[in-house]
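The block underneath contains the structure these notes are about, expressed in structure tokens.
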Amino acid sequence: MGLKTKLKNKALGYKATSDSYIAQLRRSGVKVGTDVKFFRPYNTTIDMQNPHLLTIGDHVMITGPVTVLTHDYSWSVLKNKYGYVAGNQKPVKIGNNVFIGWGATILAGTTVGDNTIIGANSVVSGRLESDSVYAGNPAKRIMSIDEYYRKRLSRQLDEAYGVVCEYKKRRGEYPPAEILDEYFFLFTGGNTDDLPEAYLTKLRLMGTYEESMELLRNNKPQFDGYDSFIEYCVNREKDDCYRKTETTNEI
């Protein structure tokens with residue numbers, strides 16, 4: 001263990017890493033599934049007052065700083081006024097294959113269905129349907145997961161081109177294939193021998209390596225290899241510059 005890691009562990013304790021945080025949650029009584037990841041455990045808040053009320057499923061990705069609550073202490077105002085202790089504790093269940101975006105808050109009594117995406121800064125309560133995308137304050141269902149999948153597929157080429165252009169602006173050269181490790185389905189398919197480690201890392205995510213690899217083997221990419229994709233980017237860049245020149249001349 002390196003000095004930097006030792007200092008981090010000493011300073012942050014059980015919140016130093018995702019694994020140490022999950023271990024502490026389990027010791028405390030929270031039910032946590034497999035392949036759960038806290039990207040910023042040190043500024044994530046999990047309500048530990050009622051660990052027996054919290055269940056986190058498998059393949060749950062939690063960014064930061066996320067807050068998950070199993071109680072609401074607003075009853076303190078009622079007690080001050082009326083003297084009665086009117087508790088407010090409710091179970092929270094987060095299903096399987098869930099992504100919780102940056103800054104989201106999950107309130108007591110929430111149930112999140114399987115295959116669900118929660119957008120950044122959302123405030124979530126009640127029951128969220130499976131196979132859905134939610135966002136907002138309060139969080140509302142904005143589309144099905146199938147609709148979101150089609151939306152993401154339709155934007156892959158433009159986004160990949162954008163990555164290439166920005167890399168070239170910054171570095172003065174076109175990027176190596178490994179940089180496009182989230183867009184390689186655009187130009188990879190059939191032969192899966194000698195894939196870059198960056199691609200293999202992405203294929204191993206979420207416990208679906210075999211399914212993703214089979215999909216890649218049967219994939220019919222838009223481009224015949226990475227060089228063909230870069231050639232497309234070069235030609236598109238020229239066209240973009242030409243259009244910009246035309247616009248400037250018109251003005």
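Name the single residue, out of those in the range 115-162 being hydroxyl-bearing (Ser, Thr, Tyr) and touching a Gly at 6+ places or on another chain (Cβ under 8 Å), that is surrounded by the fewest Cβ atoms within 10 Å (Cβ to Cβ).
To start, the set of residues in the range 115-162 that are hydroxyl-bearing (Ser, Thr, Tyr) comprises 116, 122, 125, 130, 132, 134, 144, 148-149, 154, 161.
Next, from what is left, pick out any that are touching a Gly at 6+ places or on another chain (Cβ under 8 Å): 116, 122, 125, 130, 132, 134.
Numbers: THR116: 24, SER122: 23, SER125: 17, SER130: 15, SER132: 21, TYR134: 22.
That would be SER130.
Within the range 1-117, considering only helices (runs of 4 or more DSSP H) that don't extend past its boundaries, which have at least 3 residues that are charged (D, E, K, R)?
Numbers: elements: 3-12, 18-28, 75-82.
Passing ranges, in order: 3-12, 18-28.
Among the residues of the range 54-73, is there at least one that is of a type in the set (Asp, Glu) and surrounded by fewer than 16 Cβ atoms within 10 Å (Cβ to Cβ)?
Here is the first cut: in the range 54-73, the residues of a type in the set (Asp, Glu) are 58, 72.
Narrowing further to those that are surrounded by fewer than 16 Cβ atoms within 10 Å (Cβ to Cβ): 72.
Within the range 54-73, one or more residues are of a type in the set (Asp, Glu) and surrounded by fewer than 16 Cβ atoms within 10 Å (Cβ to Cβ).
Residue by residue, here is whether (1) over 18 Å from GLY95 (Cβ atoms); (2) in contact (Cβ under 8 Å) with a residue 24 or more places away in the chain holds:
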| site | (1), (2) |
| --- | --- |
| SER20 | yes, no |
| GLN24 | yes, no |
| ARG27 | yes, no |
| ASP35 | no, yes |
| PRO41 | yes, yes |
| LEU53 | no, yes |
| ILE56 | no, yes |
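Looking at this structure, is THR116 in the same structural domain as MET48 (by TED's automatic domain parsing) and either among the β-branched types (Val, Ile, Thr) or in contact with a Cys (Cβ under 6 Å, 6 or more places away or on another chain) (or both)? Working first, answer last.
Working: in the same structural domain as MET48 (by TED's automatic domain parsing): yes; either among the β-branched types (Val, Ile, Thr) or in contact with a Cys (Cβ under 6 Å, 6 or more places away or on another chain) (or both): yes.
In short, yes.
Filter the range 55-64 down to residues that are modelled with pLDDT of 95 or more and more than 18 Å from TYR134 (Cβ to Cβ) and give me whichever is farthest from the chain's Cα centre (by Cα).
Restricting to residues being modelled with pLDDT of 95 or more and more than 18 Å from TYR134 (Cβ to Cβ), the top hit is THR55.
I need every pair where a residue in the range 126-137 that is assigned to a loop (DSSP other than H, G, I, E, B) has its Cβ under 6 Å from the Cβ of a residue that is hydrophobic (A, V, I, L, M, F, W, C), sequence separation at least 6 or different chains.
Taking only residues 6 or more apart or on different chains, the pairs are ASP131/ILE145; ASN137/VAL123.
Would you point out which residue out of TYR199, TYR242, TYR148 is at pLDDT 95 or above, over 30 Å from THR105 (Cα atoms) and among the aromatic types (Phe, Trp, Tyr)? Talk me through it step by step, then tell me what you get.
Working: TYR242 fails: at pLDDT 95 or above; TYR148 fails: over 30 Å from THR105 (Cα atoms).
Step by step, each of TYR199, TYR242, TYR148 is checked, and only TYR199 is at pLDDT 95 or above, over 30 Å from THR105 (Cα atoms) and among the aromatic types (Phe, Trp, Tyr).
Would you point out which residue out of GLU231, GLU178, GLU166, GLU173 is at pLDDT 95 or above, closer than 30 Å to VAL36 by Cβ, of a type in the set (Asp, Glu) and not assigned by TED's automatic domain parsing to the domain that holds VAL60? Let's see the steps before the verdict.
Details: GLU231 fails: closer than 30 Å to VAL36 by Cβ; GLU166 fails: closer than 30 Å to VAL36 by Cβ; GLU173 fails: closer than 30 Å to VAL36 by Cβ.
Just a single option satisfies the conditions, and that option is GLU178.
Under 8 Å by Cβ, and 6 or more places apart or on different chains, what pairs join a residue from the range 171-188 that is under 14 Å from PHE223 (Cα atoms) with one that is basic (Lys, Arg)?
That search, which allows pairs on different chains as well, returns PHE184/LYS202.
Considering the range 138-156 alone, what residues qualify as being among the charged types (D, E, K, R) and part of a helix (DSSP H, G or I)?
Here is the first cut: in the range 138-156, the residues among the charged types (D, E, K, R) are 140-141, 146-147, 150-152, 155.
Once the filter is applied, which keeps residues that are among the charged types (D, E, K, R) and part of a helix (DSSP H, G or I), the range 138-156 yields ASP146, GLU147, ARG150, LYS151, ARG152, ARG155.
The values are calculated or read from the model by the stated rules, or taken from the named source; none is laboratory data. These figures come from a predicted structure and were not determined experimentally. When we count neighbours, we look across all protein chains shown, and the Cβ atoms used for this are built from the backbone with ideal geometry, even at glycine.
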